[in-house]
Amino acid sequence: MSAKKTATVFRCANCGRVEPRWLGRCPECGEWNSLREASAAEARPDRAGETFPMPIGAIDPGRGARIPTGSSEVDRVLGGGLMRGSAVLLGGEPGIGKSTLLLQICAKAELQGRILYVSGEESPAQIRLRADRLGALREGIEVFSSGDLARIRGVLETVKPVLVVIDSVQTLHAEEAGAVPGTANQIKYCVQELVSWAKEREAGLFLVAHVTKEGLIAGPKAAEHLVDAVLSFEQSEAELRTLRASKNRFGSAEELGIFRMGEKGLEEVADPSGLFLVRREGGLPAGVAVAPVHEGSRVLLVEIQALAVPAKAGLSRVYSERIDSGRVARVAAVLEKHTGMRFSDQDLYVNVAGGIRLAEPGIDLPLAAALYSARSGTPLPDGSALAGELSLAGELRPVRQMRRRARAAKALGLDLVLGPAGGEEGEGKEWRVARDIREALKALLGGKSGAAAGADSGGSAGGSAGGSAGSAAASRSRARSGGPRAGRDGEGGEA
Ligand code: TYD
Ligand code: MG
């Protein structure tokens, strides 16, 4: 930090362009003898957010005006448009559509003034071709190919854009921050400079960051705390894309944006409630549960799929990308403890159809039901939809908006909605209520569930339930082991 403050640069008094060396003529505006010595610290605008104390009532709230991005999904994720003076980092794998999305925003954002699209990755001609394809030719968009911070700052000072896109932070470099582009230090320094500029000029700033498959963004990670919002753009199914905020100073970080990549770029998906639902001929296979999940302000129906196979060397492992594997392990442990179905000698695979990532608490119950169904080989009833959080004690905890979830499920023809109690209106009428995991499994599987038997006899599987062909094995093994740790086909019996 101190090194960069004492570094000397030369700033054009006419256009503000900063050069690392003195030049007789400004390469930006062509003015002669206009470069003046300045410290790198002076060469940047005053630090954003540095103000004098002011009575709260005297502060102009207009500073916070938002720019509608022209995309209702992006606006939704940002919390109602892009805040002026704010910086948004957009991360995603290469090829996912970040440049496409931002160029579309440039074309459709509702604003007066100029727009600057800075690309260190593509030539202006390539960007022009994409704009043609997207129908994104708009007067006021200026394209500039560079990753050199000093040049970019000079251009910002002359163009004075209202909206700026930097594509990408990995191509930014500044001499003051060391010679090697792409290092975490370079990215941090350059992003800090650009963010300060945007705050000072009350412009909206989008910064693109490439992220690897593992989600690790060494350099951009360092920039995350410098920006106001961090969005990640992910692929779910082939042409579906999701946009989420992992940080948002000006809105919630829970909203999910959904897009479809088409011929003419990214299109919004207006009613995605049934988008991820798998339509089948015939009933659900074992190991599948349908969950109405509450994502931001919408309810989506998703299918959670589970598979349990005997673990090699008895060491249980969880393979789950779309749901946190710690959660899968916890839910399996709760099931093992409270239903007697053994999971600790199983490898567990969990997936979400459509590839959407799920993190909300309400998926505990459908996840538990999918695991139980997979392990017992008993399918859940057709037309069932489940929501609820599970405590370690096996109780079903209330979740947000259970009534809306129930209605969304029913609108898609799923009539057996099961969820927690919690005093919400519609409880018991719009959805069936279960108090704990055993009651839930009993409601779903009736006599076919070992848990149901367990529930009846206060915790130890009695082996009296069953009767259907699908669960005969489970009943057999329970009868043999006679304890709460019974599993299927005797695998769990020798505990
Ligand atoms: P791009 O925006 O370049 O991705 P990123 O900036 O995240 O690296 O998008 C690249 C992909 O999107 C490319 O494979 C082609 C596809 N695409 C479409 O399917 N339709 C379109 O209209 C456009 C512009 C791109
Ligand atoms: Mg790109």
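A short reminder: the numbers here are calculations on the coordinates, not readings from a lab. Predicted, not measured: the structure shown is a model, and the values here were computed from it. Methodologically, a virtual Cβ is constructed for each residue, glycine included, from the backbone with ideal geometry; neighbour enumeration extends over all protein chains shown.
Over all distinct Cα-Cα pairs of segment 74-148, the Kirkwood formula returns a hydrodynamic radius of 13.4 Å.
By per-residue mean of other Cβ atoms within 10 Å, what is the highest-first order of 121-134, 71-84?
Working: 121-134: 14.8, 71-84: 22.3.
So the peptides 121-134, 71-84, ranked by packing, come out 71-84, 121-134.
Taking 0.36 nm per residue of separation and subtracting the current Cα-Cα distance, fully stretching the chain between W32 and R249 would add 73.8 nm.
For segment 243-253, the Karplus equation 6.51 cos²θ - 1.76 cosθ + 1.60, evaluated at θ = phi - 60°, returns couplings of 10, 9, 9, 9, 8, 8, 6, 10, x, 7, 9 Hz by residue, with Gly and Pro reported as x. Cross-link check: pairs K337/K410; K108/K199; K221/K312; K160/K264; K199/K247; K199/K264 evaluated at a Cα-Cα cut-off of 28 Å; pairs beyond the cut-off: K337/K410; K221/K312; K160/K264; K199/K264.
Working note: Debye formula, equal point scatterers on the alpha-carbon atoms of segment 265-360, no solvent; log10 I(q)/I(0) at q = 0.18 Å⁻¹ is -0.91.
Each principal axis of the Cα cloud of segment 247-314 was taken in turn, and the coordinate range along them, longest first, works out to 48, 34, 24 Å. Give me the net charge of G79's neighbourhood, meaning all other residues with Cβ under 14 Å from the Cβ of G79; Lys, Arg count +1, Asp, Glu -1. Net charge in that neighbourhood comes out at +1.
Cα convex hull, segment 126-171: 82 Å³ per residue, rounded to a whole number.
Local charge for G113 was computed over the other residues whose Cβ lies under 13 Å away, with Lys and Arg +1 and Asp and Glu -1, and equals +1. With each label modelled as a point 7 angstrom along the Cα→C-beta vector, the F144-I56 pair spans 3.9 nm. Both radii were evaluated on the Cα set of segment 85-126; the Rg over Rh quotient, with Rh as the Kirkwood radius, amounts to 0.96. The orientation-averaged projected area of the convex hull spanned by the Cα atoms of segment 143-212 comes to 4.5 nm². Each residue in M402, M341 was given a count of other beta-carbon atoms within 10 angstrom of its own, and listing them fewest first yields M402, M341.
For segment 359-435, applying the loop criterion from DSSP together with a ceiling of 15 other beta carbons within 10 Å to the GluC sites (Glu not before Pro) yields E425. Relative contact order for segment 362-423: 36 percent, from Cα pairs under 8 Å spaced at least 6 residues apart, divided by residue count. Ranked by the mean number of other Cβ atoms within 10 Å of their residues, highest first, the peptides 19-31, 161-173, 227-239 fall in the order 161-173, 227-239, 19-31.
Which of the peptides 143-155, 253-265, 284-296 is most tightly packed, and how do the rest follow, judged by the mean count of other Cβ atoms within 10 Å per residue?
284-296, 143-155, 253-265
Taking N as the residue count of segment 166-311, its C-alpha radius of gyration divided by 2.2 N^0.38 Å amounts to 1.36.
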